[in-house]
Amino acid sequence: MKFGAMVVPRASDWRLIVELEQMGYDSAWLPDSQMIYSDIYAVMALAAANTSRIRLGPGVAIAPTRLAPVTAHSIATINQLAPGRTFLAIGTGHTAMRVMGQDPMKVGAFREYLRVVRALLHGEEVDYALDGRRRDIRFLHRDMGFINVENPVPIYVAADGPRALNAVGALGDGWVCSHNQTGERLRRSLSAIAAGAAEVARALPKDFHTTALTYACVLEPGESITSDRVIDEIATMAAATLHYWWELYQKDGDTRTVARRCQNLWQEYLAFTERMETPLAKRYQQVHLGHCAFLLPEERRFITEDLIRATGGLVGTADAIIATLREREATGLREITLLPAMATARRNLRNFAEKVIARY
């Protein structure tokens, strides 16, 4: 099992990535959302120049906000600064697009996007269409230090739905899932990925990587899962699930993703959003305030044990967390990546490193 940490990409917080390397984390992931955070490639460049071991990549990059050649070029530039320790995790853009009132990229377009990025990162020439015009493109000046595609940049595809999971199998070097999913759900997803590979007669690489983006907090003896300290450290990512449920509901009334144990909580949250002063047409801006970075005081009451359990939070004793991770690893999970609140990130991640990673 590898251990990663997500760092909310404020330009000055590349320093935290330096500390993560010292704590023993294997990788640092930076969430990509242009209306919320600093530019991830600027932060990664600073981190790359000031670290020597830790792996660096987006967590995850958003396909529809950049042209495919731009994404390939940007991560290849980071790979020039941190050769052989760069990865590209990428998705369709659930938050980055919805915070602009737009929808994520469709799976078909995403699959084409991955095809182009993958070819470019393998140093190949590839046909690429822009505004209906298809032309062959390739990186020029590869031997002049502008980019690095000689050291492989693995592509980890973020996916949850069946069609997206098929795309992972066809075009990905790894898979990124949201939250610490159950062993049974992991098995179903890995089967869908394998089916996607089989459809294009592809054998998945032996080092095919699987990562869960989640959060964790090691409880002190006698401490409650909803103690103030725990909520201070993990509430931001738990609350982001409420934002996601709200977005799906606003689109077409879909509540299938709302956890059964959170039905009452969901109704309370829905009523809360309906009382917001922002007009419904622009309410997505208010709903995403603080998204995965800090918790609004008025949202604190929604961070319940049911929400934490439903979103797979690794909150418990060190022994309990280790036991869960060993079970997930046996199922096929290769990395767990944690996103705490900005204000408590150092404390949370250091505590996890000392009490879980050091013993694992």
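The values are calculated or read from the model by the stated rules, or taken from the named source; none is laboratory data. Keep in mind that what you see is a predicted model, and the values were worked out from it rather than measured. Note: ideal-geometry Cβ built from the backbone for every residue, glycine included; neighbour counts use all protein chains shown. Only protein heavy atoms, including side chains, enter the accessible area calculation; ligands, DNA and RNA are left aside. Shrake-Rupley method; radii C 1.70, N 1.55, O 1.52, S 1.80 Å.
Values as computed for the structure displayed
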{"quantity": "Scan of segment 311-346 for residues that are assigned to a helix (DSSP H, G or I) and either open to solvent by less than 40 Å² (accessible area, probe 1.4 Å) or under 14 Å from MET6 (Cα atoms) (or both), ordered by number", "calculated": "ALA318, ILE321, ILE322, LEU325, ARG328, THR331, MET342, ALA343, THR344, ALA345, ARG346"}
{"quantity": "Neighbours by Cβ (under 7 Å, 6+ apart or cross-chain): first from segment 4-27, among the β-branched types (Val, Ile, Thr); second outside any helix (DSSP H, G or I) and open to solvent by 50 Å² or more (accessible area, probe 1.4 Å)", "calculated": "VAL18/ASN50"}
{"quantity": "Selection status of GLU247, charged (D, E, K, R), without any contact (Cβ under 8 Å) to a residue 60 or more places away in the chain and open to solvent by 10 Å² or more (accessible area, probe 1.4 Å)", "calculated": "no"}
{"quantity": "Selection within segment 183-200 - modelled with pLDDT under 95 and under 13 Å from LEU171 (Cα atoms)", "calculated": "none"}
{"quantity": "Answer residue from segment 126-162, given it is of a type in the set (A, V, I, L, M, F, W, C) and open to solvent by less than 20 Å² (accessible area, probe 1.4 Å) and is nearest to PRO69 (Cα to Cα) among those", "calculated": "VAL126"}
{"quantity": "Residue count for segment 148-194, restricted to those that are aliphatic (A, V, I, L, M) and assigned to a strand (DSSP E or B)", "calculated": "4"}
{"quantity": "Filter result for ILE303 (surrounded by 18 or more Cβ atoms within 10 Å (Cβ to Cβ), closer than 23 Å to MET6 by Cα and in contact with a strand residue (DSSP E or B) (Cβ under 7 Å, 6 or more places away or on another chain))", "calculated": "no"}
{"quantity": "Sole residue being aliphatic (A, V, I, L, M) and crowded, with 18+ Cβ neighbours inside 10 Å, chosen from ALA47, ALA42, ALA109", "calculated": "ALA47"}
{"quantity": "Residues within segment 203-225 that are at pLDDT below 95 and either open to solvent by less than 70 Å² (accessible area, probe 1.4 Å) or closer than 18 Å to THR324 by Cβ (or both), tallied", "calculated": "2"}
{"quantity": "Selection count, segment 163-175, where residues are open to solvent by less than 100 Å² (accessible area, probe 1.4 Å) and out of contact with any strand residue (DSSP E or B) (no Cβ under 8 Å at 6 or more places or on another chain)", "calculated": "3"}
{"quantity": "Output for segment 226-244, where each listed residue is surrounded by 13 or more Cβ atoms within 10 Å (Cβ to Cβ) and out of contact with any Ser or Thr (no Cβ under 8 Å at 6 or more places or on another chain)", "calculated": "SER227, ARG229, ILE231, ILE234, ALA235, THR236, ALA239, LEU242"}
{"quantity": "Residue match in segment 322-329 (condition: farther than 26 Å from SER38 by Cβ, in contact with a strand residue (DSSP E or B) (Cβ under 8 Å, 6 or more places away or on another chain) and of a type in the set (D, E, K, R))", "calculated": "yes"}
{"quantity": "All positions within segment 347-360 that are surrounded by fewer than 23 Cβ atoms within 10 Å (Cβ to Cβ), in a helix (DSSP H, G or I) and not polar (S, T, N, Q)", "calculated": "ARG347, ARG350, ALA353, GLU354, LYS355, ILE357, ALA358, ARG359"}
{"quantity": "Residue in segment 252-262 that is surrounded by the fewest Cβ atoms within 10 Å (Cβ to Cβ), counting only those that are assigned to a helix (DSSP H, G or I) and in contact with a helix residue (DSSP H, G or I) (Cβ under 9 Å, 6 or more places away or on another chain)", "calculated": "ARG260"}
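To keep it simple, each residue is scored yes or no on (1) in contact with a strand residue (DSSP E or B) (Cβ under 8 Å, 6 or more places away or on another chain); (2) open to solvent by 10 Å² or more (accessible area, probe 1.4 Å); (3) aliphatic (A, V, I, L, M); (4) not in a loop (DSSP other than H, G, I, E, B).
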position	(1), (2), (3), (4)
PRO9	yes, no, no, no
ASP13	no, yes, no, yes
VAL18	no, yes, yes, yes
GLN22	no, yes, no, yes
SER38	no, yes, no, no
